[in-house]
Every structure is written in C-alpha cells, then in structure tokens.
Amino acid sequence: MHGVVLAELEKYFSTEYGQRAWTQVTEHAGVGGKIYMAFNEYPDAEINGIVMAVASMSGRTVPEVLEGFGEFIAPTLLKMSAHLLAPSWKSLDVIENTELTVHTVVRSNNPGAHPPQLRTKRSSPNEVVLIYSRCAL
C-alpha cells in the first residue's frame with residue numbers, strides 16, 4: 001500500500017477522533033508507533049488491520065469507514081494527479097483511466113511502488129465496473 005494512503009488515513013481518523021484515538025487504533029491493529037511516510041510502500045495487511053480497528057473502535061461498519069475515507073482522500077489524490085488527468089474528465093472517466101495514466105506514472109517514477117492493477121468496463125454512461133487486483137493484468 002502506498003504510504004500516501006496510510007498517511008491520509010491517519011489524517012482522516014485523527015481529524016474525526018483525535019491523535020490519541022489514532023494511537024489506540026494503530027495499537028489495536030498491531031502497528032502502534034509506526035509513522036507512515038507518503039512515498040514509501042507498506043504491506044496491505046497494515047491498512048486492512050487499521051481499517052478493521054477503525055470500524056471496531058468507531059462503531060461503524062468497514063464499508064462506512066471506507067466510504068468516509070474515500071470522500072476524504074479523493075481531493076488529495078486528484079490534486080496530486082491533476083497533471084495526468086484531462087480537464088474534461090468526470091469522476092467515472094478518472095476511474096476508467098487511472099490504470100493507464102496515474103498508475104503507469106507511479107510505477108515508472110517509483111520502481112518500488114506496487115499500486116493495484118485496475119481493469120474497468122464502462123457498462124453504461126453512468127456506470128463503470130472496476131476490478132481491483134494485485135495480480136498482473
């Protein structure tokens with residue numbers, strides 16, 4: 001998992017519940033005391049454990065945590081990748097083109113980075129099916 005995602009998850013949770021709660025979440029997830037650097041890579045198991053701990057400690061479901069975090073992180077990711085995105089693209093266009101634009105550049109600029117492989121299929125003008133995988137395409 002790219003460190004920017006974990007760093008933003010810390011910001012998201014700390015903003016809602018405070019830094020002390022983040023410390024408790026990371027301890028509960030078994031990664032207490034770890035500082036996530038935005039451009040490092042971390043095992044996916046760490047974010048999985050943290051999300052589960054956030055859900056458990058906040059009383060929200062995992063999908064609720066992920067949805068809230070998605071809304072929180074989207075502006076940051078869009079800002080970071082703005083130079084790679086066509087100004088005319090809407091949300092579904094960004095999703096549909098992330099693999100060929102953003103992830104290609106991430107892999108090229110940072111050989112240690114392993115963003116997921118994304119495959120998409122535009123099923124209608126208002127719907128994109130996204131297949132997220134750690135396997136090569």
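Based on what the data block shows, is R60 in a strand (DSSP E or B) and more than 14 Å from H2 (Cβ to Cβ)? Before you say what the answer is, go through the steps one by one.
Working: in a strand (DSSP E or B): no; more than 14 Å from H2 (Cβ to Cβ): yes.
It is false that R60 is in a strand (DSSP E or B) and more than 14 Å from H2 (Cβ to Cβ).
Against the list (1) at pLDDT below 90; (2) part of a helix (DSSP H, G or I); (3) buried (at least 16 other Cβ atoms within 10 Å of the Cβ), the condition E46 fails is (1).
For the stretch 55-85, a residue qualifies if it is among the small types (G, A, S), surrounded by fewer than 12 Cβ atoms within 10 Å (Cβ to Cβ) and under 19 Å from E127 (Cα atoms), and exactly one does: G70.
When A38 is tested against (1) assigned to a helix (DSSP H, G or I); (2) among the aliphatic types (A, V, I, L, M); (3) outside the structural domain of S133 (by TED's automatic domain parsing), exactly one condition is not met: (1). Out of all the residues in the stretch 101-115, is one or more under 13 Å from the mean Cα position of the chain (by Cα) and either small (G, A, S) or surrounded by fewer than 13 Cβ atoms within 10 Å (Cβ to Cβ) (or both)? Within the stretch 101-115 (the criterion being under 13 Å from the mean Cα position of the chain (by Cα) and either small (G, A, S) or surrounded by fewer than 13 Cβ atoms within 10 Å (Cβ to Cβ) (or both)), the answer is no, since none of the residues qualifies. All of (1) of a type outside the set (A, V, I, L, M, F, W, C); (2) surrounded by 10 or more Cβ atoms within 10 Å (Cβ to Cβ); (3) closer than 20 Å to A38 by Cα hold for K121 with one exception: (3).
Matching residues to (1) outside the structural domain of A7 (by TED's automatic domain parsing); (2) assigned to a helix (DSSP H, G or I):
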residue	(1), (2)
F72	no, yes
L77	no, yes
I95	yes, yes
L100	yes, yes
V105	yes, yes
A113	yes, no
T120	yes, no
S123	yes, no
L130	yes, no
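Going by the conditions given, is T98 touching a strand residue (DSSP E or B) at 6+ places or on another chain (Cβ under 8 Å), crowded, with 17+ Cβ neighbours inside 10 Å, hydroxyl-bearing (S, T, Y) and in contact (Cβ under 8 Å) with a residue 12 or more places away in the chain? Before the answer, list the steps.
On the way: touching a strand residue (DSSP E or B) at 6+ places or on another chain (Cβ under 8 Å): yes; crowded, with 17+ Cβ neighbours inside 10 Å: yes; hydroxyl-bearing (S, T, Y): yes; in contact (Cβ under 8 Å) with a residue 12 or more places away in the chain: yes.
Considered against the rule, which asks whether it is touching a strand residue (DSSP E or B) at 6+ places or on another chain (Cβ under 8 Å), crowded, with 17+ Cβ neighbours inside 10 Å, hydroxyl-bearing (S, T, Y) and in contact (Cβ under 8 Å) with a residue 12 or more places away in the chain, T98 comes out as yes.
When only residues in the stretch 17-33 that are touching a residue at least 12 places away in the same chain (Cβ under 8 Å) and of a type outside the set (V, I, T) count, which is surrounded by the fewest Cβ atoms within 10 Å (Cβ to Cβ)? Per the criteria, the residue is G30.
The values are calculated or read from the model by the stated rules, or taken from the named source; none is laboratory data. Model, not experiment: these values are computed from the prediction. Counting neighbours? That spans all protein chains shown, and the Cβs are built from the backbone with ideal geometry, glycine included.
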